[in-house]
Amino acid sequence: MEQKLRHEAKALLEQGKVDWIIGFEPGSLKFTTTPLITKDKNGADRLVINPFIVNNLANFLTEIKGRVGIVAKGCDSRSIVSLIQDNKVVREDVVILGIPCPGIIDLGKVERLVGKDRDELDDITREGDKVTIKVDGEKREFPITQALFDNCLACEFPTPQEYDILLGEPTSPIANKLATQEKIENLKQMTPEQRWGFWEKELSRCIRCYACRNVCPACFCQRCFVEETEPQWALPVPRWQDNLIFQIVRNIHVAGRCTDCGECERACPVNIPLRSLTREMYDIVDELFHFKAGTDKDALPLMTHYEQEEAEDFFR
Amino acid sequence: MTTTDISHRSKFLAQGNVYLPHIVVIERIIEETPGVRTLHFNFKDKKLREEFTFQSGQFAEYSVFGIGEAPFCISSSPTRRDHLEFAVQRVGRVTNAMHRLGVGAEIGFRGPYGNSFPLDFLQGKNLIFVGGGIGLAPLRSLIWNVIDNRDKYKNIDIIYGARSPTDLCFKYDLEAWGKNKTINMVITVDRGDETWAGKVGLVPKVLEEVAPSARNAVAIVCGPPIMIRFTFPVLTKLGFTPEQMLTTLEKRMKCGIGKCGRCNIGNIFVCRDGPVFTHAQIKSFVSSEY
Amino acid sequence: MTSNKINKKDIEKLLSQWSQEFTVFAPSIESGIATMAKWDGKDTSFLDWYRNTVIPPKANFLPPMEEMFSFQKDKEGYHIELSPSNGHKQLIFGIRPCDAKALAILDMTFKDLYQDPYYLPKRSSTVLIGLGCAKPYDSCFCTSLGISPAESTDVDLMLTDIGDQFLIEPISAAGKELIAKTSGLKEATKDDEARAKEVKETSYNKVTRKINAEGIIDKLLASFDDQDYWEKIAAKCMSCGICTFLCPTCYCFDINDELVKQQGARLRNWDSCAFPLYTKMPMENPRQEKWRRVRQKVCHKFGFYPMTFNVIACTGCGRCIRLCPVNWDITQTLAGLPIKVQE
């Protein structure tokens, strides 16, 4: 897949079909990749596909000007479709290099499995449904499901449905929502006071770095509501109550655009379980409106279009 | 070149804390233009009223309690101390709140901060003041200061303009300076209206027409960035060296004391090393941001 | 003064003893995030897992959020009241040399011209107990900035792990004072000190990431206007605040007021030059484009700050590299500077 990707990307640049290539290249730390954004055809030689290509590259489409050849996993291609539906990206300006994704390895889970930090591991390799972690010269094997991100386990569309070039054989979804559902179920079982206390504890760690918002492709506002001063909806101060307002409103704003790519939770430097909010919103949107963001490219954006005849019966 | 008189800086701390404002009371409000008003105020504390001093060009941080704080120059002259003044244009949250205040309202005052116009450098020279819009505010502090010590300075030219006749600020000053026989007062607008019988033309253009001599002269320029950008080349053409051109820079500020980081340009802070700079200093800024 | 030592299993007693006089902060982990939190009185398991905290110790002196003063209005007008500081002395156990040096770097700003009345009192009432790094991260590059992971002149006592024990070296006068009032410490032998020297050398050599800090100011100034380079460097940055907030030497802050009916307070909180609205003025924003903000961040830390204070505002702790969501790496940016310095 990787060779084919490099070949295709290079050709796109050489033939002048795109101005930019956006993909992944090896990062500066072990088991890390970093976004590659290049106009140079030799840059395409650095493109990689491996179990660590975690970023949602669709995020860059709202700021890069020109035609872009973009590497997209299942969730990323849905984000691209969602952006097209919102008129933020023109379909003809992107060439989607689709990657059927077998799931991305969560380094946090790997570290917990072997009790060592990432930089103390010798190697992490995936073979089919197993992951082999080499540490202190010893090899330890685990089922791959123990090492993948929760949202990858729950993913229903690992193969991009919208693409220009598909770089491999379609892969089937794992579609195991247990881990995600467990966390959300726990919250649902709590009394309102307990749940309030849970979020107070979690959001007190929030430092308002806005990484969750900035890595999200669905957040493309030039000026976020939380930066408005007239009126001031929430103070920019990291008090947990203001942090809560920020998260709640952000969730409502991205409802119908969120593809559960999980980047918000992964990017958070203080491990706030943001997907307990976003995934729940995702499921509510599906339940009420039978809508999953970015799966139907001919659909109109859910929350921002109006029809005279309302499809749902809970509206009057 | 510009005076950095540090002795003022720590003299007027409230409760010894550099972030604590003093309470000042608004005594008079003048609506200069639809978006600009001047507030006359005085310290609530009588002792401070007597003792407080500052120099032309310095600014202060003014608070509307509960809304926020913003920096404005002190637009009154240190030679006229029965009250203090500042001018504020309505552009955002804090300034809108300031435009809703009435006489008797209490606001916070922290200052004076920054450096000031270098009076010893200006003495004995011809002064050419070039102002645009609300940019006249820091200039007027210096102009009245100079007028109150008139014999220390040589010729005075004031070239001032605004977008339109309704945007002219400090009209009462313009009138007073126009009547002053030792001042050459030139007023212009970018666009006139039916009532306007005076000059029409952009300030840099009018400056070029007036063509003041650069010999033994200093130009002090204050106004919107675009006006300043076009004024400096005109002054250069007239023979002014970069050391002969002064201006005040504006940057977003919060603390006003060189700590919060916001107003930095390269390795200088506008609040701590400015706001008064010569064109020579600006050209040597590490960052080409301004 | 000679060094002392203490058995690792006696650390709990030591901290309990110090808790009589100080509020003790020690590494603690919650939801997988290590911070310097108030010691709970008994847990010393951090000795097993602690490498470095996510939130740097600057948070104990310049907190993410701090009340500066409160005000209230009655019929006589406004009354301003300074927020009570807790006044209790702090002891931070286990601060790493990079973070301790960072505090010394921050001091320069908060002392410059005006004394910051919130940061400085906390600094002078805090005792820092440094702990040498046994396991530097692969993202650490302190040694390139003249900082050793094993030694520090910016702490009060320096601890080195020599097996079952810690060697305790007094560094400052406050450290010597503390030792004098602390019981339960043994005197270190020559062997202990020799062992410690070995350990320190091993730690030093474990730091493998390097930057070339020589002449960095000139290199940055020379590359300052190279827009192409900075656009390339900034392309993947998300403009979030992670690198600046988690950086132990970053200090930019914002000031906000809040008001509920007639009472309110002025608060100060962390801010970042990476945010697009940081420099926004009503009519213009000099750093609207992302590449200008990224350039500012690098040039401030390695150029402008040393121009003013003679010290690079970076201690090589590597948090920015480890925690950046897109793995933006400052060591790569510095290594790739297009150098056009005129001879």
| Boolean, C:Arg266 is basic (Lys, Arg), in contact with a helix residue (DSSP H, G or I) (Cβ under 6 Å, 6 or more places away or on another chain) and within 28 Å of A:Val226 (Cβ to Cβ) | no
| message | Of everything in the range C:56-112, what is assigned to a helix (DSSP H, G or I) and not aliphatic (A, V, I, L, M)? Give them in sequence order. | response | C:Pro57, C:Lys58, C:Asn60, C:Pro97, C:Cys98, C:Asp99, C:Lys101, C:Asp107, C:Thr109, C:Phe110, C:Lys111
| field | Check on B:Tyr153, buried (at least 19 other Cβ atoms within 10 Å of the Cβ), under 18 Å from the mean Cα position of the chain (by Cα) and hydroxyl-bearing (Ser, Thr, Tyr) | value | no
| request: Just need a number here: residues in the range C:289-336 that are more than 7 Å from every other protein chain (Cβ to nearest Cβ), assigned to a loop (DSSP other than H, G, I, E, B) and buried (at least 20 other Cβ atoms within 10 Å of the Cβ). | output: 9
| query | In the range A:209-224, which residue that is more than 7 Å from chain C (Cβ to nearest Cβ) and surrounded by 15 or more Cβ atoms within 10 Å (Cβ to Cβ) is nearest to C:Ala37 (Cα to Cα)? | reply | A:Cys212
| task | Of the conditions (1) in contact with a helix residue (DSSP H, G or I) (Cβ under 7 Å, 6 or more places away or on another chain); (2) closer than 30 Å to C:Thr35 by Cα; (3) not hydrophobic (A, V, I, L, M, F, W, C), A:Pro301 clears all except one; give me its number. | result | (2)
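Quick one: which of A:Val254, A:Val270, A:Val285, A:Val249 is among the β-branched types (Val, Ile, Thr) and within 14 Å of chain C (Cβ to nearest Cβ)?
One residue alone meets the criteria, A:Val270.
For (1) loosely packed, with under 13 Cβ neighbours inside 10 Å; (2) within 17 Å of B:Gly223 (Cβ to Cβ); (3) among the hydrophobic types (A, V, I, L, M, F, W, C); (4) within 21 Å of the chain's Cα centre (by Cα), each residue gets a yes or a no:
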site: B:Asp157; (1), (2), (3), (4): no, yes, no, yes
site: B:Arg163; (1), (2), (3), (4): no, yes, no, yes
site: B:Phe170; (1), (2), (3), (4): no, yes, yes, yes
site: B:Asp173; (1), (2), (3), (4): no, yes, no, yes
site: B:Ile183; (1), (2), (3), (4): no, no, yes, yes
site: B:Val186; (1), (2), (3), (4): no, yes, yes, yes
site: B:Gly192; (1), (2), (3), (4): no, no, no, no
site: B:Trp196; (1), (2), (3), (4): no, no, yes, no
site: B:Gly201; (1), (2), (3), (4): no, yes, no, no
| message | Can you find a residue that is touching a residue at least 24 places away in the same chain (Cβ under 8 Å), more than 11 Å from every other protein chain (Cβ to nearest Cβ), surrounded by 24 or more Cβ atoms within 10 Å (Cβ to Cβ) and under 23 Å from C:Lys8 (Cα atoms) anywhere in the range C:112-129? | response | yes
| request: Would you mention how many residues in the range B:128-161 are aromatic (Phe, Trp, Tyr) and under 23 Å from B:Ala197 (Cα atoms)? | output: 2
| task | Give A:Phe198, A:Phe246, A:Phe225, A:Phe220 a once-over and let me know the one that is under 17 Å from the mean Cα position of the chain (by Cα) and of a type in the set (Phe, Trp, Tyr). | result | A:Phe220
| Taking B:Gly135, is it in a helix (DSSP H, G or I) and among the small types (Gly, Ala, Ser)? | yes
| query | Looking only at the range B:206-262, which residues are surrounded by fewer than 17 Cβ atoms within 10 Å (Cβ to Cβ) and either among the small types (Gly, Ala, Ser) or on the phi > 0 side of the Ramachandran plot (or both)? | reply | B:Ala211, B:Ser213, B:Asn216, B:Gly239
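Say whether the condition of being of a type in the set (Lys, Arg), within 13 Å of another protein chain (Cβ to nearest Cβ) and touching a residue at least 24 places away in the same chain (Cβ under 8 Å) is met by at least one residue in the range A:227-242.
Taking every residue of the range A:227-242 in turn, none turns out to be of a type in the set (Lys, Arg), within 13 Å of another protein chain (Cβ to nearest Cβ) and touching a residue at least 24 places away in the same chain (Cβ under 8 Å).
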| query | Considering the range A:26-42 alone, what residues qualify as being facing chain C (nearest Cβ under 10 Å) and outside any loop (DSSP other than H, G, I, E, B)? | reply | A:Pro26, A:Thr33, A:Thr34, A:Pro35, A:Leu36, A:Ile37, A:Thr38
| In the range B:12-59, residue surrounded by the most Cβ atoms within 10 Å (Cβ to Cβ) [restricted to those that are in contact with a Lys or Arg (Cβ under 7 Å, 6 or more places away or on another chain) and more than 14 Å from chain C (Cβ to nearest Cβ)] | B:His40
| query | Within the bounds of the range C:157-168, is there any residue that is over 20 Å from C:Val199 (Cβ atoms) and more than 14 Å from every other protein chain (Cβ to nearest Cβ)? | reply | no
| Search result, residues across the range C:224-242 that are of a type in the set (Gly, Ala, Ser) and either within 11 Å of chain B (Cβ to nearest Cβ) or surrounded by fewer than 20 Cβ atoms within 10 Å (Cβ to Cβ) (or both) | C:Ser239
| note | If we keep only residues of the range A:189-208 that are more than 23 Å from C:Asp271 (Cβ to Cβ) and in a loop (DSSP other than H, G, I, E, B), then the residue nearest to the other protein chains (Cβ to nearest Cβ) is A:Met190
| note | Residue set B:Asn96, B:Asn42; condition under 27 Å from C:Pro117 (Cβ atoms) and of a type in the set (S, T, N, Q); output residue B:Asn42
| For B:Ile6: the one exception among (1) within 12 Å of another protein chain (Cβ to nearest Cβ); (2) modelled with pLDDT of 95 or more | (2)
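Residues checked against (1) under 30 Å from C:Val298 (Cα atoms); (2) away from chain C (no Cβ under 14 Å):
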position	(1), (2)
B:Thr195	no, yes
B:Val206	no, yes
B:Glu209	no, yes
B:Arg229	yes, no
B:Lys237	no, yes
B:Glu243	no, yes
B:Thr247	yes, yes
B:Lys251	yes, no
B:Asp273	yes, no
| message | Restricting to the range B:60-101, count the residues that are more than 14 Å from chain C (Cβ to nearest Cβ), more than 11 Å from the chain's Cα centre (by Cα) and hydroxyl-bearing (Ser, Thr, Tyr). | response | 1
| query | With respect to C:Phe245, is the statement that it is more than 21 Å from C:Thr153 (Cα to Cα), buried (at least 21 other Cβ atoms within 10 Å of the Cβ) and in contact with a Ser or Thr (Cβ under 7 Å, 6 or more places away or on another chain) true? | reply | yes
| task | Filter the range A:179-203 for residues that are among the small types (Gly, Ala, Ser) and at pLDDT 95 or above and give the result. | result | A:Gly197
| field | helices (runs of 4 or more DSSP H) contained in the range C:140-247 and holding at least 3 residues of a type outside the set (A, V, I, L, M) and closer than 30 Å to C:Lys9 by Cα | value | C:173-181, C:190-206
| query | When the residues of the range C:255-282 are filtered to those that are hydrophobic (A, V, I, L, M, F, W, C) and more than 7 Å from chain B (Cβ to nearest Cβ), which remaining residue is nearest to B:Ile107 (Cα to Cα)? | reply | C:Ala265
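The values are calculated or read from the model by the stated rules, or taken from the named source; none is laboratory data. Note that the structure is a prediction, hence the values are computed from the model and not measured. A quick note on method: Cβ atoms are made from the backbone with ideal geometry, for glycine too, and the neighbour counts reach across all protein chains shown.
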